[in-house]
Amino acid sequence: MAGHDHDHDHHDHDHEHGSELSETQLRVRALETVLTEKGYIDPAALDAIIEAYETKIGPRNGSVVVARAWTDPAFKKALLEDATKAVASMGHMSRVGDHLVAVENTSQRHNMIVCTLCSCYPWEVLGLPPVWYKSAPYRSRAVKDPRGVLNDFGIALPKDTEVRVWDSTAETRFIVLPMRPAGTEGWSEEKLADLVTRDSMIGTGLPLNPAQTDSKVK
Amino acid sequence: MSKIDPAAARRATESVPSIPCDAEGPVFREPWEAQAFALTLSLYDRGLFQWPEWAAILGDEIKKAQAAGDPDTGETYYRHWLAALERIVAEKGVTDAGTLRKYFDAWDHAADRTPHGMPIELKPEDFR
């Protein structure tokens, strides 16, 4: 486990293995490059299409995982020990990356994840990464000035809360386990899952509080 | 060209009824599937083929895969889609299997030499 700890002062990545693209990813990239070079497609137009379907890619089950951890202490323990195994045990989930690590927010520590490119984002649980997440300014600022980034997202943490930034590696992807909002005692897993936003699992947001969902149709 | 035309996507799903959808439109299991879908939509916009033509080639790829033992559970749908895409660009004379193979190998090489976390970019040295 120690080998995966990257705190915010730590700029190195795990460089041992280079990057990896699957066979299908390679075939898609080959097509995209050839077609772009020949002028058949415009990469910007491709991005626009993919963005339009951003919410339709991957199972996006992270909120269910978080809600389960809030209600089931044994599951939470298993999740923090081995998130890949714990998520797989939920059955209905499709495959998750090789090594998913859940990091828990507490009143002493707020976690934030940063990753560089799509291949190390746990899209299996979080859906596709938002555009800002892939942007160079977020990536570099999240490491250098995490509190500034959090401020931009409207989050002001108490001064004595430590902010820890987890830098994904090829082998390890992270998901933040946010703190359960106050006033949700006795809530069902299903109802709790509605409070869990994507950003709260990246660490650039907090879960909704009960008052915020009251205004929703649900 | 910079924005997706929802009507165009709808025509695609209507003309190719096998595309996995929910109430609002296509759904994808993995990011590369959406990329393959977007490539196809772009080529259609360029007028490279009509949807019935695409549906016929895709249907043929699916049949071939089934004959070869594909379980046809929907999980492999976009693998067939990708095979159909490679085939249609070759049939239309846009490129050929050899060229695609060369770029496939080059991207593989680029990924290998790129430290994790850096953008993977294709360079001339990747074509050896």
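Filtered by the rule that a residue be at pLDDT 95 or above, outside any helix (DSSP H, G or I) and either charged (D, E, K, R) or loosely packed, with under 15 Cβ neighbours inside 10 Å (or both), the range A:54-103 gives a lone residue, A:Asp72. Residue count for the range B:61-85, restricted to those that are of a type outside the set (Lys, Arg) and touching a residue at least 12 places away in the same chain (Cβ under 8 Å): 13. Is there a residue in the range B:92-115 that is more than 12 Å from chain A (Cβ to nearest Cβ), not small (Gly, Ala, Ser) and not in a loop (DSSP other than H, G, I, E, B)? The answer is no, given that none of the residues of the range B:92-115 is more than 12 Å from chain A (Cβ to nearest Cβ), not small (Gly, Ala, Ser) and not in a loop (DSSP other than H, G, I, E, B).
Within the range A:106-143, the set of residues being polar (S, T, N, Q) and either under 22 Å from A:Ala48 (Cβ atoms) or at pLDDT 70 or above (or both) comprises A:Thr106, A:Ser107, A:Gln108, A:Asn111, A:Ser119, A:Ser135, A:Ser140. Restricted to the range A:144-203, the set of helices (runs of 4 or more DSSP H) holding at least 3 residues that are under 15 Å from A:Glu104 (Cβ atoms) comprises A:198-202. For the residues A:Asp199, A:Asp194, A:Asp167, the requirement of being more than 30 Å from A:Ser22 (Cα to Cα) and modelled with pLDDT under 90 singles out A:Asp194.
Residue count for the range A:34-48, restricted to those that are facing chain B (nearest Cβ under 7 Å) and over 20 Å from B:Arg79 (Cβ atoms): 7. Take the residues in the range A:166-192 that are among the small types (Gly, Ala, Ser) and closer than 25 Å to A:Asp152 by Cα; name whichever of them is least open to solvent (accessible area, probe 1.4 Å). Checked the range A:166-192; the qualifying residue least open to solvent (accessible area, probe 1.4 Å) is A:Ser168. Tell me which residues, restricted to the range A:34-43, are part of a helix (DSSP H, G or I) and open to solvent by 60 Å² or more (accessible area, probe 1.4 Å). Listed by number, the list holds a single entry, A:Glu37. Consider the range B:79-91 and keep the residues that are open to solvent by 40 Å² or more (accessible area, probe 1.4 Å) and more than 16 Å from A:Thr36 (Cβ to Cβ). The one that is nearest to the other protein chains (Cβ to nearest Cβ) is B:Arg79.
So that you can scan it fast, the table gives a plain yes or no per residue for (1) open to solvent by less than 40 Å² (accessible area, probe 1.4 Å); (2) of a type outside the set (A, V, I, L, M); (3) modelled with pLDDT of 75 or more:
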{"site": "B:Arg10", "(1), (2), (3)": "no, yes, no"}
{"site": "B:Pro31", "(1), (2), (3)": "yes, yes, yes"}
{"site": "B:Leu41", "(1), (2), (3)": "yes, no, yes"}
{"site": "B:Arg46", "(1), (2), (3)": "no, yes, yes"}
{"site": "B:Ala67", "(1), (2), (3)": "no, no, yes"}
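Selection of first residues in the range B:86-105 that are under 16 Å from B:Gly47 (Cα atoms) and of second residues that are small (Gly, Ala, Ser) and assigned to a helix (DSSP H, G or I), restricted to Cβ pairs under 7 Å at least 6 apart or on distinct chains, gives the following pairs, ordered by first then second residue: B:Ala90/B:Ala97. Restricting attention to the range A:140-169, the residues that are within 14 Å of chain B (Cβ to nearest Cβ) and within 19 Å of A:Val103 (Cα to Cα) add up to 7.
The values are calculated or read from the model by the stated rules, or taken from the named source; none is laboratory data. Keep in mind the model is a prediction, meaning the values are calculated, not measured. Positions of Cβ are generated from backbone atoms using ideal geometry, with glycine treated the same way; all protein chains shown enter the neighbour counts. Accessible surface areas use protein heavy atoms only, side chains included; no ligands, DNA or RNA. Shrake-Rupley method; radii C 1.70, N 1.55, O 1.52, S 1.80 Å.
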